[in-house]
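> The structure is given below, and queries will be raised subsequently.
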Amino acid sequence: MSSPTGPTSGLPVRMPRPRQSGRHRRPEPVTAPAAAPPLVLAVPGAPGPSARRLAEETLSIACSELPGLDARIGYVDAEGDAGGYPALDSVLGYAAAQHSARTSEAQQASDEDAAAWARGPAAVVVPLLAGPDTAVLRRIRQSVVSAGSAFELTDTLGPHPLLAEALHVRLSEAGLARADRARLFTVATAADGIVLATVGGPEAVQAAGITGMLLSARLAVPVLAAGLDEEGAVARAADELRASGSRNLALAPCLIGPEADEALPSMAAKEAGCAAAEPLGAYPAIGKLALAKYTELLGITLQAAPLGASLR
């Protein structure tokens, strides 16, 4: 990982396992093409140690899936780069300066790698959001436009089946769902109705509802999405579930973590009279989804390929 001014120390990048020998060996992992632009993870919310750990772990997972990936962190709500929390504006400004320098280098020399790098975007920005949040995405777009270079901004990470898997795991960790749906054992405290809580307004609730349908199919219990940032919405969803016959409810935050006040889910759960699971955090699927947004945009296929493969 790196900061706006160059490499920094931090969470070590996970290295791929040594290649196995024999006919059943796993294929060699794809490495990031030499011309691949940086992945900039746009982290919402107030910068702090927990947000940094989560972002670093997310990018560590992404880098383990695509060795050689240039992964950087930009904090959407940071002011300047004080305290080791580089603002998204600064990270994109540095990437734009790098891109401009490489473009000039490509024009002055017959450097194929530099020319390929210059033809691509200055960076690919991936919002660390489980679903759409209009206010946060507006600030991210403003940073992209202000940087004055060719950047690409991906969609948010969800809705997606991997988010439903992550929510299932968080519920099982809290004793609110079966850990393995393939086994027919029961959990005494398992929920028979789930409120899927999110932030970001009606569009975020609608997106969470899609993930909620996937979660409902996994657990065979009703799931309703509600906004944590809408007064009384979680309690109303809980009342609706109880009216339909559910008695043991649980709140599942469809949140990665830094995009909302950490006290919101527990406060809403208390108001609704139900237990709550933890936010998604740095569950491995989050890093894989962030990388998937990056590779899909660039046309990189995460399968075994000859070294030196270039962007399509």
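The values are calculated or read from the model by the stated rules, or taken from the named source; none is laboratory data. Because the structure is a prediction, the values reported are computed rather than measured. Counting neighbours? That spans all protein chains shown, and the Cβs are built from the backbone with ideal geometry, glycine included. Ligands, DNA and RNA are stripped out before the accessible areas are found, and what is left, the full protein with its side chains, is counted by its heavy atoms. Shrake-Rupley method; radii C 1.70, N 1.55, O 1.52, S 1.80 Å.
> Quick test for you: out of P67, P86, pick the one residue that is in contact with a Pro (Cβ under 8 Å, 6 or more places away or on another chain) and buried (at least 23 other Cβ atoms within 10 Å of the Cβ).
Of the residues listed, the single one that is in contact with a Pro (Cβ under 8 Å, 6 or more places away or on another chain) and buried (at least 23 other Cβ atoms within 10 Å of the Cβ) is P86.
> Take A226 and decide whether it is open to solvent by less than 30 Å² (accessible area, probe 1.4 Å), touching a residue at least 60 places away in the same chain (Cβ under 8 Å) and outside any loop (DSSP other than H, G, I, E, B).
For A226, the condition - open to solvent by less than 30 Å² (accessible area, probe 1.4 Å), touching a residue at least 60 places away in the same chain (Cβ under 8 Å) and outside any loop (DSSP other than H, G, I, E, B) - is not met.
> List pairs: first in region 281-302 and farther than 19 Å from A42 by Cβ and at pLDDT below 95, second open to solvent by 30 Å² or more (accessible area, probe 1.4 Å) and in a helix (DSSP H, G or I), Cβ under 8 Å, 6+ apart or cross-chain?
Qualifying pairs under 8 Å: L302/E65.
> A further question on this structure: Being within 18 Å of A276 (Cα to Cα), open to solvent by 10 Å² or more (accessible area, probe 1.4 Å), part of a helix (DSSP H, G or I) and charged (D, E, K, R): is that true of R242 here?
yes
> Sticking with this structure for a sec: Here are A101, A62, A35: which of them is modelled with pLDDT of 90 or more and either in a helix (DSSP H, G or I) or on the phi < 0 side of the Ramachandran plot (or both)?
A62
> Still on this structure, please answer the following. Just checking, which of E173, E152, E165 is under 20 Å from A276 (Cα atoms) and touching a Leu at 6+ places or on another chain (Cβ under 9 Å)?
E165
> Something else now. V145 - would you say it is open to solvent by less than 40 Å² (accessible area, probe 1.4 Å) and either within 18 Å of A96 (Cα to Cα) or β-branched (V, I, T) (or both)?
When the stated conditions are applied, V145 does not pass them.
> Turning to a different aspect of this structure: Consider only pairs whose beta carbons are under 8 Å apart and that are at least six residues apart or on different chains; among these, list those whose first residue lies in region 65-84 and is of a type in the set (D, E) and whose second residue is open to solvent by 60 Å² or more (accessible area, probe 1.4 Å) and modelled with pLDDT of 95 or more.
From region 65-84, the pairs are E65/K288; D77/R139.
> If you go through region 185-200, how many residues are assigned to a loop (DSSP other than H, G, I, E, B) and either open to solvent by less than 20 Å² (accessible area, probe 1.4 Å) or at pLDDT 95 or above (or both)?
Summing the residues that are assigned to a loop (DSSP other than H, G, I, E, B) and either open to solvent by less than 20 Å² (accessible area, probe 1.4 Å) or at pLDDT 95 or above (or both) in region 185-200 gives 4.
> I'd like to check something: does region 45-55 contain any residue that is touching a Lys or Arg at 6+ places or on another chain (Cβ under 8 Å), open to solvent by 10 Å² or more (accessible area, probe 1.4 Å) and in contact (Cβ under 8 Å) with a residue 24 or more places away in the chain?
No: zero hits.
> Those residues that are over 12 Å from A197 (Cβ atoms) and open to solvent by less than 60 Å² (accessible area, probe 1.4 Å), I need them from region 260-279; list them, please.
Answer for region 260-279, where residues must be over 12 Å from A197 (Cβ atoms) and open to solvent by less than 60 Å² (accessible area, probe 1.4 Å): A263, G273, A275.
> In the list G257, G287, which residue meets the criterion of being open to solvent by less than 10 Å² (accessible area, probe 1.4 Å) and in contact with a helix residue (DSSP H, G or I) (Cβ under 9 Å, 6 or more places away or on another chain)?
G287
> Conditions first: (1) in a loop (DSSP other than H, G, I, E, B); (2) closer than 25 Å to R138 by Cα. L69 passes all but one, so which condition is the exception?
(2)
> Is it true that E165 is closer than 18 Å to I210 by Cβ and either without any contact (Cβ under 8 Å) to a residue 12 or more places away in the chain or surrounded by fewer than 18 Cβ atoms within 10 Å (Cβ to Cβ) (or both)?
When the stated conditions are applied, E165 passes them.
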